[in-house]
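Pasting in a structure now, in C-alpha coordinates, and then I'll have a few things to ask.
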Amino acid sequence: MEVIIRERAGDAVSLTGAIIARALRKRPNLVLGLATGRTMVAVYDLLVAMYEDDGLDFSLARTFNLDEYIGLPPEDPDSYRFYMNKHLFHRVNIDLRNTHLPNGMADDIDAGCAQYEETIQDCGGIDLQLLGIGSTGHIGFNEPLSAMRTRAKALSPETIEQNFPRPHPSKGVPKRAITMGVGTILECRRCVLLATGEGKAAVVAKAVEGPVTSMISASALQLHPKCTVIVDEAAAAQLEHKPYYRWIFENEPEWEEYR
Ligand code: F6R
(Lines give C-alpha, C1' and ligand atoms only; values in the text may rest on other atoms or scores of the structure.)
Protein backbone atom coordinates (compact mmCIF):
# COMPACT_ATOMS: atom_id res chain seq x y z
CA MET A 1 0.00 0.00 0.00
CA GLU A 2 1.09 3.55 -0.60
CA VAL A 3 -0.57 6.77 0.48
CA ILE A 4 -0.78 9.91 -1.63
CA ILE A 5 -1.82 13.14 0.05
CA ARG A 6 -3.23 15.95 -2.08
CA GLU A 7 -4.15 19.32 -0.72
CA ARG A 8 -7.84 19.60 -1.48
CA ALA A 9 -10.59 17.09 -2.18
CA GLY A 10 -10.71 18.26 -5.79
CA ASP A 11 -7.00 17.47 -6.22
CA ALA A 12 -7.52 13.97 -4.80
CA VAL A 13 -10.45 13.43 -7.17
CA SER A 14 -8.40 14.70 -10.14
CA LEU A 15 -5.59 12.28 -9.39
CA THR A 16 -8.04 9.39 -9.05
CA GLY A 17 -9.71 10.28 -12.34
CA ALA A 18 -6.33 10.63 -14.07
CA ILE A 19 -5.26 7.15 -12.92
CA ILE A 20 -8.50 5.62 -14.22
CA ALA A 21 -8.31 7.51 -17.53
CA ARG A 22 -4.70 6.48 -18.07
CA ALA A 23 -5.55 2.81 -17.42
CA LEU A 24 -8.51 2.99 -19.82
CA ARG A 25 -6.45 4.63 -22.57
CA LYS A 26 -3.76 2.00 -22.17
CA ARG A 27 -6.25 -0.86 -22.18
CA PRO A 28 -9.56 0.04 -23.84
CA ASN A 29 -11.23 -3.20 -22.68
CA LEU A 30 -10.18 -2.54 -19.09
CA VAL A 31 -12.04 -4.48 -16.40
CA LEU A 32 -12.90 -1.71 -14.00
CA GLY A 33 -14.19 -2.25 -10.48
CA LEU A 34 -16.48 0.54 -9.32
CA ALA A 35 -17.78 1.94 -6.06
CA THR A 36 -20.72 4.18 -5.22
CA GLY A 37 -21.36 6.67 -2.41
CA ARG A 38 -20.97 10.41 -2.02
CA THR A 39 -17.20 10.49 -2.55
CA MET A 40 -17.41 8.89 -5.99
CA VAL A 41 -19.91 11.34 -7.48
CA ALA A 42 -17.10 13.82 -8.21
CA VAL A 43 -14.97 11.06 -9.77
CA TYR A 44 -17.78 10.09 -12.14
CA ASP A 45 -18.45 13.75 -13.00
CA LEU A 46 -14.78 14.04 -13.91
CA LEU A 47 -14.81 10.87 -16.04
CA VAL A 48 -17.90 12.16 -17.85
CA ALA A 49 -16.10 15.46 -18.51
CA MET A 50 -13.11 13.53 -19.89
CA TYR A 51 -15.48 11.56 -22.15
CA GLU A 52 -17.17 14.73 -23.41
CA ASP A 53 -14.10 16.94 -23.74
CA ASP A 54 -11.21 14.57 -24.42
CA GLY A 55 -12.91 11.58 -26.02
CA LEU A 56 -12.20 9.16 -23.17
CA ASP A 57 -13.64 5.97 -24.64
CA PHE A 58 -15.69 3.55 -22.54
CA SER A 59 -17.07 1.54 -25.47
CA LEU A 60 -15.04 -1.60 -24.71
CA ALA A 61 -14.75 -1.21 -20.94
CA ARG A 62 -16.24 -3.81 -18.64
CA THR A 63 -17.29 -2.89 -15.12
CA PHE A 64 -18.08 -4.68 -11.87
CA ASN A 65 -19.54 -2.83 -8.93
CA LEU A 66 -18.59 -3.75 -5.41
CA ASP A 67 -22.04 -4.01 -3.94
CA GLU A 68 -25.81 -3.70 -4.16
CA TYR A 69 -28.59 -3.55 -1.58
CA ILE A 70 -30.71 -6.65 -1.15
CA GLY A 71 -34.37 -6.04 -2.00
CA LEU A 72 -33.96 -2.89 -4.08
CA PRO A 73 -34.82 -3.27 -7.78
CA PRO A 74 -32.72 -1.42 -10.38
CA GLU A 75 -35.37 1.25 -10.87
CA ASP A 76 -35.33 2.18 -7.17
CA PRO A 77 -33.47 5.52 -6.85
CA ASP A 78 -31.66 4.15 -3.76
CA SER A 79 -30.28 1.13 -5.61
CA TYR A 80 -26.71 1.19 -6.75
CA ARG A 81 -27.72 0.23 -10.31
CA PHE A 82 -29.77 3.42 -10.39
CA TYR A 83 -26.83 5.39 -8.96
CA MET A 84 -24.40 4.02 -11.56
CA ASN A 85 -26.76 4.63 -14.48
CA LYS A 86 -27.38 8.16 -13.28
CA HIS A 87 -23.82 9.20 -12.43
CA LEU A 88 -21.83 7.35 -15.10
CA PHE A 89 -23.31 4.71 -17.38
CA HIS A 90 -26.02 6.83 -19.01
CA ARG A 91 -23.57 9.70 -19.50
CA VAL A 92 -20.75 7.92 -21.36
CA ASN A 93 -20.51 5.52 -24.31
CA ILE A 94 -20.33 2.35 -22.23
CA ASP A 95 -22.24 -0.73 -23.42
CA LEU A 96 -24.69 -1.42 -20.58
CA ARG A 97 -24.37 -5.16 -21.26
CA ASN A 98 -20.78 -4.87 -20.05
CA THR A 99 -21.76 -3.30 -16.72
CA HIS A 100 -22.28 -5.66 -13.80
CA LEU A 101 -23.68 -5.22 -10.32
CA PRO A 102 -24.64 -7.95 -7.84
CA ASN A 103 -28.33 -8.81 -8.19
CA GLY A 104 -30.02 -7.77 -4.96
CA MET A 105 -33.35 -9.16 -6.23
CA ALA A 106 -32.13 -12.71 -6.96
CA ASP A 107 -34.29 -15.57 -5.64
CA ASP A 108 -31.14 -17.43 -4.73
CA ILE A 109 -28.71 -14.87 -3.34
CA ASP A 110 -25.92 -17.39 -2.68
CA ALA A 111 -26.05 -18.72 -6.24
CA GLY A 112 -26.07 -15.16 -7.58
CA CYS A 113 -22.97 -14.32 -5.52
CA ALA A 114 -21.09 -17.38 -6.78
CA GLN A 115 -22.13 -16.47 -10.34
CA TYR A 116 -20.84 -12.91 -9.84
CA GLU A 117 -17.40 -14.21 -8.88
CA GLU A 118 -17.44 -16.52 -11.91
CA THR A 119 -18.32 -13.68 -14.26
CA ILE A 120 -15.40 -11.64 -12.89
CA GLN A 121 -13.11 -14.60 -13.58
CA ASP A 122 -14.58 -15.07 -17.08
CA CYS A 123 -13.61 -11.46 -17.83
CA GLY A 124 -10.05 -12.19 -16.71
CA GLY A 125 -10.26 -10.58 -13.27
CA ILE A 126 -10.49 -6.92 -12.28
CA ASP A 127 -7.66 -4.70 -13.55
CA LEU A 128 -8.39 -1.61 -11.48
CA GLN A 129 -10.73 -1.43 -8.50
CA LEU A 130 -11.97 1.92 -7.25
CA LEU A 131 -12.76 1.95 -3.52
CA GLY A 132 -14.21 4.28 -0.92
CA ILE A 133 -14.17 3.70 2.82
CA GLY A 134 -17.00 3.84 5.34
CA SER A 135 -16.65 4.91 8.96
CA THR A 136 -16.81 1.27 10.07
CA GLY A 137 -13.73 0.62 7.93
CA HIS A 138 -15.73 -1.12 5.25
CA ILE A 139 -14.65 -1.40 1.62
CA GLY A 140 -17.60 -2.41 -0.49
CA PHE A 141 -19.98 -3.42 2.28
CA ASN A 142 -17.41 -5.50 4.13
CA GLU A 143 -18.49 -4.45 7.57
CA PRO A 144 -16.51 -5.67 10.62
CA LEU A 145 -15.81 -9.41 10.67
CA SER A 146 -16.04 -9.86 6.94
CA ALA A 147 -15.32 -12.91 4.83
CA MET A 148 -13.33 -13.34 1.65
CA ARG A 149 -15.90 -13.92 -1.10
CA THR A 150 -18.96 -12.23 -2.57
CA ARG A 151 -21.93 -12.84 -0.30
CA ALA A 152 -24.80 -11.24 1.62
CA LYS A 153 -23.72 -9.14 4.60
CA ALA A 154 -25.76 -7.42 7.32
CA LEU A 155 -25.23 -3.67 7.20
CA SER A 156 -24.14 -2.07 10.46
CA PRO A 157 -26.52 0.43 12.11
CA GLU A 158 -23.82 3.07 11.57
CA THR A 159 -23.73 2.44 7.81
CA ILE A 160 -27.54 2.42 7.56
CA GLU A 161 -27.66 5.74 9.42
CA GLN A 162 -25.02 7.23 7.10
CA ASN A 163 -26.58 6.04 3.87
CA PHE A 164 -30.23 6.54 4.84
CA PRO A 165 -30.30 9.52 7.22
CA ARG A 166 -33.87 10.34 6.22
CA PRO A 167 -35.57 7.05 5.36
CA HIS A 168 -38.70 7.16 3.26
CA PRO A 169 -41.56 6.54 5.75
CA SER A 170 -43.36 3.91 3.67
CA LYS A 171 -40.27 2.22 2.27
CA GLY A 172 -38.03 1.45 5.22
CA VAL A 173 -34.31 0.95 4.70
CA PRO A 174 -32.29 -1.98 3.37
CA LYS A 175 -30.59 -3.89 6.16
CA ARG A 176 -28.53 -6.25 4.03
CA ALA A 177 -26.41 -5.98 0.93
CA ILE A 178 -24.44 -8.18 -1.42
CA THR A 179 -20.79 -7.26 -1.46
CA MET A 180 -17.64 -8.50 -3.10
CA GLY A 181 -15.55 -10.14 -0.40
CA VAL A 182 -12.28 -8.90 1.02
CA GLY A 183 -10.55 -11.66 -0.98
CA THR A 184 -12.34 -10.66 -4.19
CA ILE A 185 -10.98 -7.14 -3.69
CA LEU A 186 -7.47 -8.30 -2.78
CA GLU A 187 -7.34 -10.25 -6.07
CA CYS A 188 -7.83 -7.09 -8.15
CA ARG A 189 -4.60 -6.20 -9.95
CA ARG A 190 -4.67 -2.65 -8.71
CA CYS A 191 -6.74 -0.91 -6.02
CA VAL A 192 -7.27 2.83 -5.68
CA LEU A 193 -9.01 3.96 -2.50
CA LEU A 194 -10.21 7.56 -2.38
CA ALA A 195 -11.15 9.25 0.89
CA THR A 196 -11.78 12.96 1.36
CA GLY A 197 -12.90 15.20 4.20
CA GLU A 198 -12.24 15.33 7.92
CA GLY A 199 -15.00 12.81 8.61
CA LYS A 200 -12.76 10.12 7.11
CA ALA A 201 -9.58 11.02 9.07
CA ALA A 202 -10.03 8.58 11.96
CA VAL A 203 -10.93 5.56 9.87
CA VAL A 204 -8.21 6.28 7.29
CA ALA A 205 -5.62 6.30 10.09
CA LYS A 206 -6.93 2.95 11.38
CA ALA A 207 -7.01 1.38 7.92
CA VAL A 208 -3.56 2.60 6.87
CA GLU A 209 -1.50 2.65 10.06
CA GLY A 210 -3.44 0.39 12.40
CA PRO A 211 -3.12 -3.38 12.67
CA VAL A 212 -4.49 -5.59 9.90
CA THR A 213 -7.77 -6.75 11.37
CA SER A 214 -11.12 -7.99 10.15
CA MET A 215 -12.68 -5.34 12.40
CA ILE A 216 -11.46 -2.77 9.84
CA SER A 217 -11.78 -4.49 6.46
CA ALA A 218 -9.85 -1.78 4.62
CA SER A 219 -6.76 -2.64 6.69
CA ALA A 220 -6.44 -5.81 4.56
CA LEU A 221 -5.34 -3.51 1.73
CA GLN A 222 -2.04 -2.96 3.57
CA LEU A 223 -1.09 -6.40 2.22
CA HIS A 224 -2.14 -5.71 -1.38
CA PRO A 225 0.79 -5.56 -3.81
CA LYS A 226 -0.52 -2.47 -5.61
CA CYS A 227 -2.93 -0.39 -3.61
CA THR A 228 -2.89 3.41 -3.64
CA VAL A 229 -4.80 5.31 -0.96
CA ILE A 230 -5.50 8.85 -2.16
CA VAL A 231 -6.53 11.34 0.51
CA ASP A 232 -6.86 15.07 0.86
CA GLU A 233 -5.20 16.91 3.77
CA ALA A 234 -8.42 16.72 5.82
CA ALA A 235 -8.70 12.94 5.52
CA ALA A 236 -4.94 12.62 6.15
CA ALA A 237 -5.14 14.63 9.38
CA GLN A 238 -4.61 11.70 11.77
CA LEU A 239 -1.86 9.91 9.83
CA GLU A 240 1.50 9.71 11.61
CA HIS A 241 3.80 9.13 8.67
CA LYS A 242 2.79 11.99 6.40
CA PRO A 243 6.40 13.09 5.63
CA TYR A 244 7.12 9.65 4.18
CA TYR A 245 3.93 9.62 2.12
CA ARG A 246 4.70 13.08 0.73
CA TRP A 247 8.23 11.99 -0.09
CA ILE A 248 6.86 9.09 -2.14
CA PHE A 249 4.71 11.35 -4.29
CA GLU A 250 7.59 13.77 -4.84
CA ASN A 251 10.23 11.15 -5.60
CA GLU A 252 8.84 7.90 -6.96
CA PRO A 253 9.06 7.77 -10.79
CA GLU A 254 5.51 6.43 -11.09
CA TRP A 255 4.10 9.73 -9.85
CA GLU A 256 6.22 11.99 -12.04
CA GLU A 257 3.54 12.44 -14.71
CA TYR A 258 0.91 13.29 -12.08
CA ARG A 259 2.93 15.90 -10.16
C1 F6R B 1 -20.30 1.64 -1.94
C2 F6R B 1 -19.03 1.35 -1.27
C3 F6R B 1 -18.79 1.89 0.10
C4 F6R B 1 -18.54 3.40 0.08
C5 F6R B 1 -18.33 3.93 1.49
C6 F6R B 1 -18.06 5.41 1.53
O7 F6R B 1 -20.32 1.06 -3.23
O8 F6R B 1 -18.20 0.70 -1.84
O9 F6R B 1 -17.70 1.21 0.67
O10 F6R B 1 -17.41 3.67 -0.70
O11 F6R B 1 -19.46 3.65 2.26
O12 F6R B 1 -19.20 6.10 1.13
P13 F6R B 1 -19.22 7.69 1.03
O14 F6R B 1 -18.37 8.06 -0.11
O15 F6R B 1 -20.65 8.02 0.80
O16 F6R B 1 -18.70 8.20 2.33
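Charges on Cβ only, +1 for Lys and Arg, -1 for Asp and Glu, centred on the Cα centroid of the chain; of THR150, MET40, SER170, which one is farthest towards the dipole's positive end?
Selected residue: SER170.
Pick out the long, greasy-scoring helices in the chain: whole DSSP H runs spanning 15 Å or more along their own axis by Cα, mean Kyte-Doolittle at least 0.5. Can you show the working numbers first?
On the way: long enough: 9-26 (26 Å, 0.62); 38-54 (24 Å, 0.34); 109-122 (19 Å, -0.59).
Sorted by number, the helices that extend far enough and score high enough are 9-26.
With the Cα gyration tensor of the stretch 11-52 in hand, convert its eigenvalues to equivalent ellipsoid semi-axes via √(5λ) and list them largest first in whole Å.
The equivalent ellipsoid of the stretch 11-52 has semi-axes of 17, 12, 10 Å.
Do you know the relative contact order of the stretch 41-110, to the nearest whole percent, from alpha carbon pairs under 8 angstrom that are 6+ apart? Numbers along the way, then the final one.
Numbers: 79 pairs, mean separation 28.1, N = 70.
For the stretch 41-110, the relative contact order is 40 percent.
List the GluC sites (Glu not before Pro) within the stretch 40-148 that DSSP assigns to loop and that have no more than 12 neighbouring Cβ atoms inside 10 Å.
Details: sites: GLU52, GLU68, GLU75, GLU117, GLU118; in loops: GLU75.
Taking the stretch 40-148 and a limit of 12 other Cβ atoms within 10 Å, the loop GluC sites (Glu not before Pro) found are GLU75.
Still on this structure, I have one more. Give the accessible area for HIS138 in Å² (nearest 10); use a 1.4 Å probe, count only protein heavy atoms, and leave out ligands, DNA and RNA.
20 Å²
Still on this model: Considering only protein heavy atoms, what is the solvent-accessible area of LEU30 at a probe of 1.4 Å, reported in Å² to the nearest 10?
Surface open to solvent at LEU30 totals about 10 Å².
Then there is this: Let me have the 222 nm mean residue ellipticity of the chain computed from DSSP H runs of 4+ only, each contributing -39500 (n - 2.57), with the sum over all residues rounded to the nearest 500.
Working: 8 runs with 88 residues, N = 259.
Rounded to the nearest 500, it is -10500 deg cm²/dmol.
Please list, in chain and number order, the residues 5+ apart from LEU56 or on another chain whose amide H is under 5 Å from its amide H, with Hs placed from the backbone.
TYR51
Divide the volume of the convex hull of the Cα atoms of the chain by its number of residues and quote the answer in cubic angstrom per residue.
Numbers: hull volume 30.9 nm³, N = 259.
Spread over its residues, the Cα hull of the chain gives 119 Å³ apiece.
So, one more: With all protein chains present, how much of the accessible area of the chain (probe radius 1.4 Å) comes from carbon and sulfur, to the nearest whole percent? Please report the intermediate quantities before stating the final value.
On the way: 6150 of 11700 Å².
Heavy-atom surface of the chain belonging to carbon and sulfur, 1.4 Å probe: 53 percent.
For SER219, SER214, what's the largest-to-smallest order of accessible area, 1.4 Å probe? All intermediate terms of the calculation are to be shown ahead of the outcome.
On the way: SER219 0, SER214 60 Å².
If we order SER219, SER214 from most to least accessible, we get SER214, SER219.
Considering only DSSP states other than H, G, I, E and B, which GluC sites (Glu not before Pro) in the stretch 176-259 qualify as loop sites with at most 14 other Cβ atoms within 10 Å?
Hits after loop and neighbour filter: GLU240.
Counting heavy atoms of the protein chains only and a 1.4 Å probe, report the per residue accessible area for the chain as a whole number of Å².
45 Å²
Express the relative contact order of the chain as a whole percentage, based on alpha carbon pairs under 8 Å and six or more residues apart in sequence.
Numbers: 515 pairs, mean separation 65.0, N = 259.
RCO, the chain: 25 percent.
Here is a follow-up. Could you check how many percent of all C-alpha pairs in the stretch 168-259 are farther apart than 22 Å? Could the numbers behind the result be given before it?
Values: 1643 of 4186 pairs.
Within the stretch 168-259, distances greater than 22 Å cover 39 percent of Cα pairs.
Given Cα pairs under 8 Å that are at least 6 residues apart, what percent is the relative contact order of the stretch 107-240? Write out the running numbers ahead of the final one.
Values: 246 pairs, mean separation 39.4, N = 134.
Computed value for the stretch 107-240: 29 percent relative contact order.
Counting pairs of Cα atoms in the stretch 39-173, how many percent are more than 20 Å apart? Before the final figure, lay out the partial values.
On the way: 4621 of 9045 pairs.
That fraction is 51 percent.
Run the lone-cysteine check on the chain: no other Cys C-beta under 4.7 Å from the residue's C-beta.
Result for the chain is CYS113, CYS123, CYS188, no neighbouring Cys Cβ within the cutoff.
The values are calculated or read from the model by the stated rules, or taken from the named source; none is laboratory data. Since we're looking at a predicted model, the values are computed, not measured. Quick reminder, even Gly has a Cβ in these numbers, built from the backbone with ideal geometry, and neighbours come from all protein chains shown. Accessible surface areas use protein heavy atoms only, side chains included; no ligands, DNA or RNA. Shrake-Rupley method; radii C 1.70, N 1.55, O 1.52, S 1.80 Å.
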